[in-house]
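Read through the structure below, which is laid out as structure tokens, and then see the notes.
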Amino acid sequence: MGNVLRIAVVDPKDASRETLKSTLLGLETVWLEAECSRYEFFADVVGQTQPDVGFIALDSNPDRALELVAELSKTAHDCNLLVTSSSSDGNLILRAMRAGAKEFLTQPLKAEEVAAALQRVARQRHGGKPGKPQGCSVIAIAGATGGVGATSIAVNLGCALAADDENQVALVDLDLALGDADVFLDTIPEYTLTDVAQNVARLDLTLLKRSLTKHDSGLYLLPRPVQLEDARLVLPDDMLRVIGLLKATFTHLIIDTSKSFDALDMFALNQADEVLLVTQLDLPCMRNVVRLLMSFKDTAALDQKVKIVVNRAGDDTGQISLKKAQETVGREIFWQIPNDYRVMVEVRNNGVPLIQQAPKAAITQSIGQLADALCGKLDHQQDASSKVLSWLSFWPARSGA
Ligand SMILES: Nc1ncnc2c1ncn2[C@@H]1O[C@H](COP(=O)(O)OP(=O)(O)OP(=O)(O)O)[C@@H](O)[C@H]1O
Ligand SMILES: [Mg+2]
């Protein structure tokens, strides 16, 4: 439970305590250590259970609750104090902060706000220490042209990340018209992105998670709508909340965008922490990469997070060298994934991810290492180019195309 926050809650009001508990229980990174219905007992509860976070609801008796905050901030130094109230009165917020509260959350509580507050606490708690970064990493996968391998990478990267028990990974298929992430995973989902986006205001984290389809690799999938015409029902505003909720419960969120770079795709790219722009080493792809990068430059934050991933490296049909590609796009190639026609056809036809179908294949290893690099476990600068050379040294034996 290295990354889990242990929480103790006090709220004399049963109804709001239950709401608070269910919000917290929906978060993967939370362990509810203790709950208490009386302010006067809470200091003892904290003393005995030593939680990372004390969650104090103020509304039953704000003066008494703030005394408790002040007392705990002196006696329980390792316990981060969060308070919640239905009032957003500035004076109350100021008193809470002066008493020692780290965060003030206004009710009704929103799961994503609670999650964000807890992530801030977790960051401070782990601050400066090496280890797994806290919070959710959102990785958008975009392709420089159709059929470039974006979905193959999105699905298999998701499975590679999910193979680590510490990760909770969700994949959103944002190719609303023709997305096929469900085919890659051979799943028949019960709910789609449209169902979730339309009901997002009513969903809590538990319901959201139930709406996703869990693959036996551990990856959760939120697929594209069934009906073509339902695509227009997914709006950026709803998407913002869907992403917010997913971020609150998963450590990694992968978004497979469509090739139309429409408003929703751009929204997802802007929401992402990393954008993998998948290309192949041929002229049409390179031309599109240059065009896309030029248009991304208008948004500095987007431009900085784009990483170029060359797919099907070693397939010589494109006739553009890596060096030339790098010069053309004016930035380094972040990763190269080798060409393996035979394995990829099997993977797609069987609906089984690489990690299960061909765990030892170089392409599987490469995507696994990409996952590590994105998690900061591997120095890609050393590896991106050297790895592909070592794969290519035995490549002719595997290549089927
Ligand atoms: N590294 C690879 N080596 C060989 N074949 C690959 C590789 N990556 C993907 N493919 C094949 O390329 C084809 C297209 O892949 P995929 O559907 O992932 O691309 P895409 O960019 O998502 O396409 P679309 O534009 O339809 O969304 C598939 O048949 C897949 O098996
Ligand atoms: Mg695709």
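The values are calculated or read from the model by the stated rules, or taken from the named source; none is laboratory data. Computed from a predicted structure; not experimentally measured. Ideal geometry is used to build each Cβ from the backbone, glycine not excepted, and the neighbour counts take in all protein chains shown. These area figures cover heavy atoms from the full protein model, side chains too; ligands, DNA and RNA do not enter into them. Shrake-Rupley method; radii C 1.70, N 1.55, O 1.52, S 1.80 Å.
Observations, loosely collected:
- Helix 150-162 and the long axis of the chain differ in direction by around 50°, with both axes built from C-alpha atoms.
- C-alpha long axis of helix 90-99 to longest principal axis of the chain, angle in °: 90
- Against the rule of thumb 2.2 N^0.38 Å, how large the Cα Rg of the chain comes out: 1.10
- Packing, taken as the mean count of other beta carbons within 10 Å per residue, orders the peptides 155-166, 80-91, 217-228 from highest to lowest as 155-166, 217-228, 80-91.
- Listed by chain and number, the lysines placed with their C-alpha closer than 18 angstrom to that of LYS21 are LYS13, LYS110, LYS209; residues fewer than eight positions away on the same chain are left out.
- Sequence ranges 342-354, 366-378, 170-182, ranked by mean other-Cβ count within 10 angstrom, highest first: 170-182, 366-378, 342-354
- Kirkwood Rh and Cα Rg combined as Rg over Rh, evaluated for the range 311-354: 1.11
- Taking every DSSP bridge with both residues inside the chain, close to 5 percent are antiparallel.
- Residue with peak Gaussian network fluctuation, the chain [Cα springs, cutoff 10 Å], from GLN198, GLN319, GLN271: GLN319
- Theoretical FRET efficiency, 1/(1+(r/R0)^6), r = Cβ-Cβ of THR145 and GLU40, R0 45 Å, to 0.05: 0.10
- Stretched out straight at 0.36 nm per residue, the stretch from THR75 to ASP180 would grow longer than its current Cα-Cα span by 32.3 nm.
- The calculated 222 nm mean residue ellipticity attributable to helices in the chain amounts to -13500 deg cm²/dmol, summing -39500 (n - 2.57) over DSSP H runs of n ≥ 4 and dividing by all residues.
- Checking the cross-link pairs LYS102/LYS307; LYS214/LYS307; LYS323/LYS360; LYS214/LYS377; LYS214/LYS360; LYS259/LYS323 against a 31 Å limit on the alpha carbon distance flags LYS102/LYS307 as lying beyond it.
- Only Cα sites of the range 1-149 enter the Debye sum here, all with the same form factor; the resulting log10 I(q)/I(0) across q = 0.13, 0.16 1/Å is -0.57, -0.82, listed in q order.
- Separation of the THR206 and GLU113 label points, Cα + 7 Å toward Cβ, nm: 2.2
- To the nearest ten degrees, helix 362-374 and the longest principal axis of the Cα atoms of the chain are 40 degrees apart.
- Heavy-atom accessible area per residue - the chain, 1.4 Å, Å²: 45
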